[in-house]
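Notes follow once the structure below has been shown.
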Amino acid sequence: MQKRTSISDVAKLAKTSTATVSRIINDTGYPVSAELRARVLIAIETLHYSPSIAAQQLKQDFNPVIGLIARDISAEFFGEIAKGASEKALELGYLSFVCNTGREPHREMQYHELLWRNRVKGIVLIGGGFDDDSYRELLHRQIERAKRFGFRIVANTPQGVDVPCITIDHVATMESVVDYFIDRNHSSIGLITGGANVFTSMDHFTGYRKSLDKHGIPFDPQLASLAGFTERVGYDKTKEILRKRPDVTAFCCGCEPIAIGLYHAVHEAGLEIPKHISVISVGDTSVARYTNPALTAVRVPRYEMGSRAVEMILTKDYTQHTKIILPTNLIERNSTRVLEDS
C-alpha cells in the first residue's frame, strides 16, 4: 500500500521545517518570504498533499489549556483579569498559560502561533488592540483560523476586529468621569491616557469629547494627551499641561499608574490635590486606596472580565459577534472637590 504523503514530506521537499509548512497551509500571518511560500506551495502540488485530513484531526484534538495573552502582565489591571481567567479555568479543569507581550505586536503573534501549535482550547486577549493595519490583518487571520478549526478567541477590550468580547463601555466610562467634573463646576479638564494607536485610549478620548460637546465646553487640544499607560507619561504630560494651561483644575487619567505620575508632578509644582487639582482614574486597582489623598476611581470588574471570558470559551454560547458589557461604578474618595462658583 502506498504511504500517505505527510507534512514532513512536504517540508523535506521544500527544504524547510514542518512548522513553516503548517503556517503557510493555515495562513497564520506569521512572516514568511514570498520565495519560501512558493517553494512550499510547489511541494504541496508536486506531492498532491491534502491537509484536509490533518485539519479534521485538528478540530478534535485540543489540550485542556487556555492561553492568556496580556499586553503588560506587570500592570495590576491586567493581572487581575488574568487571575480571574486562570482561577475559572482551574475550576473547570483547565490549565492556563500567561503570555506577556510587552505591548509588542510581533511578540503577540509569536504567542498566537506557539499557543496554536500547543493545541490550546482557546485564547483570552487581555489589553486593548492597536489601530494598525498590519496588526489588524494579522489578528484577523488568527481569528479566521480559530473559526476554521474550532477553537475560541475572546477579548477583554476593543481590538479593532470582530471578535467576541467581555468588556466595559470605555466611551461611556470616560464620558461619565468628565460629566462628574462638569457637574462640580470644573470646565478646564485635562485627559491623560494611553497611546493614540490603542483602541481603549481612542475610546477614552471619544468619551471625553462627547461630554465636553454635550455641555457646550470647547475642546482644547492642549488639555488632552494620548501617550501611554505609565507613571512616566502621567508625570511628564501633567507637567506639560500645567505649563501650557495653568488654569486646569481637573484631570481624567486612563489608569492608576498615570495618576501616580500625575500626583508627583502636581506636588512638584507646589500644588495640592484636591485643593488645586482634582483627579479621577479608571481601574480602581489597589493603589487607589493608598495614595495621599486616596484616589477617586472608576471600578472596573477586572476579575469578572477574565472569569467570564473563560466561561465563554468553555461553557457558554459563543458567536463571532458576542459582546457583553459589564457595569462600572465610581468609587468616591478624597482626590476631587466641588469648585466654588466664581
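Since every read-out is calculated from the coordinates, none of them should be taken as a lab result. None of the values given here were measured: they were computed from a predicted structure. Methodologically, a virtual Cβ is constructed for each residue, glycine included, from the backbone with ideal geometry; neighbour enumeration extends over all protein chains shown.
For the reader, a short list of remarks on this structure follows.
- Tail beyond 19 Å, pair distance distribution of the range 158-293 (Cα, percent): 46 percent
- Helix-only CD estimate at 222 nm, as mean residue ellipticity for the chain, using -39500 (n - 2.57) per DSSP H run (n ≥ 4): -14500 deg cm²/dmol
- Magnitude of the charge dipole, the chain, Cβ model with Lys/Arg +1 and Asp/Glu -1, debye to 20: 1320 debye
- The range 222-342 - Rg over Rh from alpha carbon coordinates, Kirkwood radius: 1.09
- Placing unit charges on each Cβ (+1 for Lys and Arg, -1 for Asp and Glu) gives the chain a dipole about its Cα centre, and among Val178, Ala309, Val65 the Cα reaching farthest toward its positive end belongs to Val65.
- For a straight C-alpha distance cut-off of 14 angstrom, the aspartates and glutamates reachable from Lys121 (same-chain residues fewer than eight places away being disregarded) are Asp61, Glu113, Glu311.
- Size descriptors for the range 75-138: radius of gyration and Dmax over Cα atoms are 12.7, 38 Å.
- Backbone N under 19 Å from the His267 label point (7 Å along Cα→Cβ), restricted to the range 217-234: 230-234
- Compactness check for the range 292-342: Cα Rg over 2.2 N^0.38 Å is 1.82.
- From the Kirkwood radius over Cα pairs of the chain, Stokes-Einstein at 20 °C and 1.002 mPa s returns a whole-number translational diffusion coefficient of 98 µm²/s.
- With 23 Å as the limit, the listed pairs Lys214/Lys239; Lys83/Lys239; Lys88/Lys323; Lys237/Lys323; Lys83/Lys323 have Lys214/Lys239; Lys83/Lys239; Lys237/Lys323 beyond it between alpha carbons.
- Counted over all Cα-Cα pairs of the range 45-168, pairs farther apart than 23 Å make up 31 percent.
- Taking Cα atoms only, the orientation of helix 199-214 departs from the longest principal axis of the chain by about 40 degrees.
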